[in-house]
Amino acid sequence: MDKKENFPLVDEFKKLRKRNKILFTALVGAAVILFWRGVWGMADALIFPGHYLTSS
């Protein structure tokens, strides 16, 4: 089997990374920040549901 048939999106990310490193870095950075904000919000909602002073 050809790998390009199995994972075309991965190949597109590799091409993007090679062509435009600044754009790829900004895209990955934004994804990490959004993921962390989601985890932080879930922790606030589940661990400290009514305590606004102890949560963020």
Any idea how many Lys pairs in the range 3-47 come in under 16 angstrom at the alpha carbon, given 8 or more places apart or on separate chains?
4
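Tell me the chymotrypsin sites (Phe, Trp or Tyr not before Pro) within the range 25-54 that lie in a loop according to DSSP and have at most 14 other beta-carbon atoms within 10 Å.
Details: sites: 35, 36, 40, 52; in loops: 52.
Passing both the DSSP loop test and the Cβ count: 52.
Pull out a ≥ b ≥ c, the square roots of the eigenvalues of the alpha-carbon gyration tensor of the range 3-47, then state rounded if a/c is under 1.5, prolate if not and a/b is larger than b/c, and oblate in the remaining case. Can you show the working numbers first?
Working: a/c = 7.63, a/b = 2.03, b/c = 3.77.
Taking the square roots of the gyration eigenvalues as a ≥ b ≥ c, the range 3-47 is oblate.
Throughout, read-outs are computed from the coordinates displayed, never taken from laboratory work. Keep in mind that this is a model prediction, so the values were computed, not measured. Cβ sites come from the backbone with ideal geometry, for glycine too, and all protein chains shown count toward neighbours.
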